[in-house]
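Please read the structure below before turning to the comments.
The values are calculated or read from the model by the stated rules, or taken from the named source; none is laboratory data. Note that this is a predicted model, so its numbers are computed, not measured. Cβ placement follows ideal geometry from the backbone for every residue including glycine, while neighbour counts extend to all protein chains displayed. The area values use the complete protein model at the heavy-atom level, side chains included, leaving out ligands, DNA and RNA. Shrake-Rupley method; radii C 1.70, N 1.55, O 1.52, S 1.80 Å.
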Amino acid sequence: MDDQGCPRCKTTKYRNPSLKLLVNVCGHSLCETCVEALFVKGSGICPECGTALRKNNFRVQLFEDPFIEKEIEVRRKILKDYNKKEEDFKTLEEYNDYIEMIETLIFNIVNNIDVDETRQMIEQYKRENKDQINKGRNKKSKDEEYLECLIEQEKEESSLKRKFIVEEEQREKDSKKKHKEALLDELMFSDRSALDILNEHKTDIDKENELRVPVMATTKFSTGIKLGAQGPFMSVPQQTVELFTYSPIHLDVLGPDPPDEEALETNGYLRHIRSASDEEKGGGFESKLACMRALLDAVNGLFYLPDQV
């Protein structure tokens, strides 16, 4: 793609790395300096397509292609009104038709195809479904509800972890204080040497630290499902299914049984079959396959009697 630049003043980001491009509803970009110059009164005309624009509708261009910016803005505005969820439809086919209609509207506006007719359809839909649109904006989909549930569970788990850390730190402080008091009492009243008391005290502390295993509060099952989770992705109920048992395939040729692979070599069947080349062997082909196929074709149906069928 060519260097990003302003179509009016021809300044590019190559010559001016700090160039700030803005884009409006029409999808054409302008640099910040040109926007200030053209839209002094708050409104003006796009120098590319002549669309009437407002200065406060300009926003920073995030993508290199301004066409993508236009599509994102159009999609955001249309989905704000066409906000029905899958659960609002009786069948999946009706929901798919609804989604297809939305994509058609977006495509027409973005590509300037029947723009006036498309906008009239949108305005008519907004008038006829005003109550439903307002209701849909306040309604959350199942995915949104599940995400909120996950966020709430994460907060609860984080709170439990913080509480556990505080309790563990307090337990460690109490233990140090207890050992310190016991050490002072033994140093004051014991007849043993201070070195022996200190060594014994250090040994007791090391043993206690080895035995102490931090236990976190249980927040989820072994399957990974959080405790108290009510989302749609719960554990799958256990089902008992019958294991697959292999049974050899029986081929009824309605004729005498053809010789097996070992008999092909010992009885000389392969003498009349062309040997497979190295290329054919590399592809998995063997002379036995051609020979067996010819023998099956020869004996197949020899015992077939139409009158007995």
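Just one of 50, 44 is assigned to a loop (DSSP other than H, G, I, E, B), open to solvent by less than 80 Å² (accessible area, probe 1.4 Å) and free of Cβ contacts under 8 Å to residues at least 12 places away in the same chain; which is it?
Exactly one residue qualifies, and that residue is 50.
From the list 62, 105, exactly one residue is open to solvent by less than 80 Å² (accessible area, probe 1.4 Å) and out of contact with any Gly (no Cβ under 8 Å at 6 or more places or on another chain). Which is it? So that I can check it myself, show each step before the final result.
On the way: 62 fails: open to solvent by less than 80 Å² (accessible area, probe 1.4 Å).
That would be 105, the only listed residue that is open to solvent by less than 80 Å² (accessible area, probe 1.4 Å) and out of contact with any Gly (no Cβ under 8 Å at 6 or more places or on another chain).
Can you pull out every residue in segment 65-77 that is within 24 Å of residue 18 (Cβ to Cβ), surrounded by fewer than 16 Cβ atoms within 10 Å (Cβ to Cβ) and of a type in the set (D, E, K, R)?
65
Can you tell me which of (1) out of contact with any Gly (no Cβ under 7 Å at 6 or more places or on another chain); (2) farther than 23 Å from residue 112 by Cα is the one residue 6 doesn't meet?
(2)
Would segment 160-182 turn up any residue that is over 30 Å from residue 203 (Cα atoms), part of a helix (DSSP H, G or I), open to solvent by less than 50 Å² (accessible area, probe 1.4 Å) and not hydrophobic (A, V, I, L, M, F, W, C)?
For segment 160-182, residues over 30 Å from residue 203 (Cα atoms), part of a helix (DSSP H, G or I), open to solvent by less than 50 Å² (accessible area, probe 1.4 Å) and not hydrophobic (A, V, I, L, M, F, W, C): absent.
Among the residues of segment 261-273, what is the count of those that are surrounded by fewer than 10 Cβ atoms within 10 Å (Cβ to Cβ) and either in contact with a strand residue (DSSP E or B) (Cβ under 7 Å, 6 or more places away or on another chain) or in a loop (DSSP other than H, G, I, E, B) (or both)?
1
Anything in segment 108-120 that is over 11 Å from residue 78 (Cβ atoms), in a helix (DSSP H, G or I) and at pLDDT 85 or above? List them, or say none.
Across segment 108-120, the qualifying residues are 116, 117, 120.
Return the residues of segment 1-41 that are part of a loop (DSSP other than H, G, I, E, B) and touching a residue at least 24 places away in the same chain (Cβ under 8 Å); say none if nothing qualifies.
Listed by number, the residues that qualify are 1, 4, 6, 7, 8, 9, 20, 24, 25, 26, 27, 28.
Just to be sure before I move on: is residue 104 modelled with pLDDT of 85 or more, in contact with a helix residue (DSSP H, G or I) (Cβ under 8 Å, 6 or more places away or on another chain) and not in a loop (DSSP other than H, G, I, E, B) in the structure I sent?
no
Exactly one condition in (1) in a loop (DSSP other than H, G, I, E, B); (2) at pLDDT below 85; (3) farther than 30 Å from residue 156 by Cβ is false for residue 228; which is it?
The failed condition is (3).
Just the residues that are open to solvent by 100 Å² or more (accessible area, probe 1.4 Å) and at pLDDT below 80, please, taken from segment 241-255.
Across segment 241-255, the qualifying residues are 241, 250, 251, 252.
Which numbered condition trips up residue 68, out of (1) modelled with pLDDT under 85; (2) more than 18 Å from residue 48 (Cα to Cα); (3) outside any loop (DSSP other than H, G, I, E, B); (4) aliphatic (A, V, I, L, M)?
Checking residue 68 against (1) modelled with pLDDT under 85; (2) more than 18 Å from residue 48 (Cα to Cα); (3) outside any loop (DSSP other than H, G, I, E, B); (4) aliphatic (A, V, I, L, M), the one that fails is (2).
Please determine, by comparing only the residues of segment 56-100 that are of a type in the set (A, V, I, L, M) and touching a residue at least 24 places away in the same chain (Cβ under 8 Å), which one is farthest from residue 42 (Cα to Cα). Break it down stepwise before answering.
Going through segment 56-100, the residues of a type in the set (A, V, I, L, M) turn out to be 60, 62, 68, 72, 74, 78-79, 92, 99.
Right, trim to touching a residue at least 24 places away in the same chain (Cβ under 8 Å) and you get 60, 74, 78.
On the way: 60: 17, 74: 22, 78: 25 Å.
Within segment 56-100, the match that is farthest from residue 42 (Cα to Cα) is 78.
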